[in-house]
Amino acid sequence: MSALTFTAGAAPAGRGQLALMARMALLVLVPIWVFSGGFVLIEPGPYEALFVIVVALMLIAGVELNPRTRNLVVAMILFLPAALIAAAQVRFNPVSEAVLYSTVTLFLLLTSFVSANYIAEAPFSRVRLFNSAYIAAAVIVSAIGVLAYLGFLPGEDVFLKFGRAKATFKDPNVFGPFLLYPAAVLLQRILLGNGRQIAASAAPMLILFVGLFVSFSRGAWGHFAMTAGIEFLLVFFLVASGRRRARLVVLAGLGTAALALVVAGLLSFEPIRSLFEIRAEVVQDYDTGAFGRFGRQAYAAIMALNNPLGQGPEEFGHYRIGEDPHNTYLKVFLAYGWVGGAALIWLIAVTVWRGVKSLALPSPNRLALIPVVATFIPMAIEAAIIDVDHWRHFFLLIGLIWGITAAYDRMPAPRERAALP
């Protein structure tokens, strides 16, 4: 398969050693960069700084630009001018802040593109590299959230918000969804792994589940249920067969029972039970009325239709209600105009389509793709009730799907084919 590269033309022989050193450095730095995505109390943070170094090393290393990722560039090209025009429409915020907000979105799009091309060179092993770093970050972050919630860590104002765990994030509703992709990876290892892999995955899975629970994020709870269900069905019908399917049913039953016992144990504590009863209501006062979530969304839809150039980022709350509509699909039209919003929504739709279409094709890389698709589809649905346009892990998942699908026919090394990513 032909491919472009980050460097123009072939590298001189004298640069070969430098390129090799850069590739070796990437094996260390890329996991550190992914790991840093779990620590976002300050912005810009380590994630942004490390990404700049990662890009520089990829330029030196001559990492391929896979032609199958070019539509990511199309999305960025369509997005940028539309976002800048929309930033000029602001009435309440400084134009400089609006431009900065749009620049952050473009930066996150770039992380998808760079991740996709790095993964496409060797999808199975590179996804395993990403997964190891992401799981490590998620387990540590989840442990911080749980310990802070239980009062074993000082600084409630740092790790808690509204009585809910947020750990090293700014909001519990970001902390909870951050844990879902590593949970999906661990779930696949439990479903398909041997006894040693199941034992090694069970403890971190439990830590992530408890962290997810004490985030008290309704969206993340529903997301977890959908991800687990989608992943089970994909593994059941696309990977397992015969006696293995019966084993999957048994494991799923045992796992569900174990998690139910964990929930029952947590609910035995009065403060947890009281907050759970409030958060577990499907529709809350926050959602209803002209100034509730759904009322704001209806008003935002009208404003989006009447502003083809957009009104700029963070403007909606100044007009009537004082809070965003919490619907990514409406927000991007308001913040970036019709063209910029359509570019982002098109990207999400194409990402889902690429993932689903590729899963229908047999490939050893299917095991790397299943947890990502099982996580991303519910996240795309969740985007209708929450803002995901600045979630680092959302764009990382886009990069994973595009990278795996761009090289879906690129076979893993023989020793990796029977392994799990």
Having 1 or more residues that are of a type in the set (S, T, N, Q) and open to solvent by less than 20 Å² (accessible area, probe 1.4 Å) is the bar; report the helices (runs of 4 or more DSSP H) wholly within the range 316-421 that clear it.
-> 328-359, 366-382, 392-406
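Can you tell me which residues in the range 13-53 are closer than 21 Å to Ile144 by Cα, of a type outside the set (Val, Ile, Thr) and surrounded by fewer than 14 Cβ atoms within 10 Å (Cβ to Cβ)?
Taking the range 13-53 as the starting set, the residues that turn out to be closer than 21 Å to Ile144 by Cα are 31-43, 45-47.
When the remaining residues are screened for being of a type outside the set (Val, Ile, Thr), the result is 31, 33, 35-39, 41, 43, 45-47.
If the condition is that a residue be closer than 21 Å to Ile144 by Cα, of a type outside the set (Val, Ile, Thr) and surrounded by fewer than 14 Cβ atoms within 10 Å (Cβ to Cβ), then Leu41, Glu43 are the ones that fit.
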Could you grab me the full set of residues in the range 64-82 that are open to solvent by 10 Å² or more (accessible area, probe 1.4 Å) and farther than 27 Å from Arg128 by Cβ?
-> Val74, Met76, Ile77, Leu78, Leu80, Pro81, Ala82
Matching residues in the range 191-219 - criterion: being without any contact (Cβ under 8 Å) to a residue 60 or more places away in the chain and either of a type in the set (Lys, Arg) or assigned to a helix (DSSP H, G or I) (or both) | Gly195, Arg196, Ile198, Ala199, Ala200, Ser201, Ala202, Ala203, Met205, Leu206, Phe209, Phe213
Helices (runs of 4 or more DSSP H) lying entirely in the range 83-190 (those with 2 or more residues that are surrounded by 23 or more Cβ atoms within 10 Å (Cβ to Cβ) and of a type outside the set (Phe, Trp, Tyr)) = 95-121, 123-149, 172-178
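The values are calculated or read from the model by the stated rules, or taken from the named source; none is laboratory data. Model, not experiment: these values are computed from the prediction. Cβ coordinates were reconstructed from backbone atoms using ideal geometry, including for glycine residues, and neighbour counts include every protein chain displayed. With ligands, DNA and RNA removed, areas are computed over all heavy atoms of the protein, side chains included. Shrake-Rupley method; radii C 1.70, N 1.55, O 1.52, S 1.80 Å.
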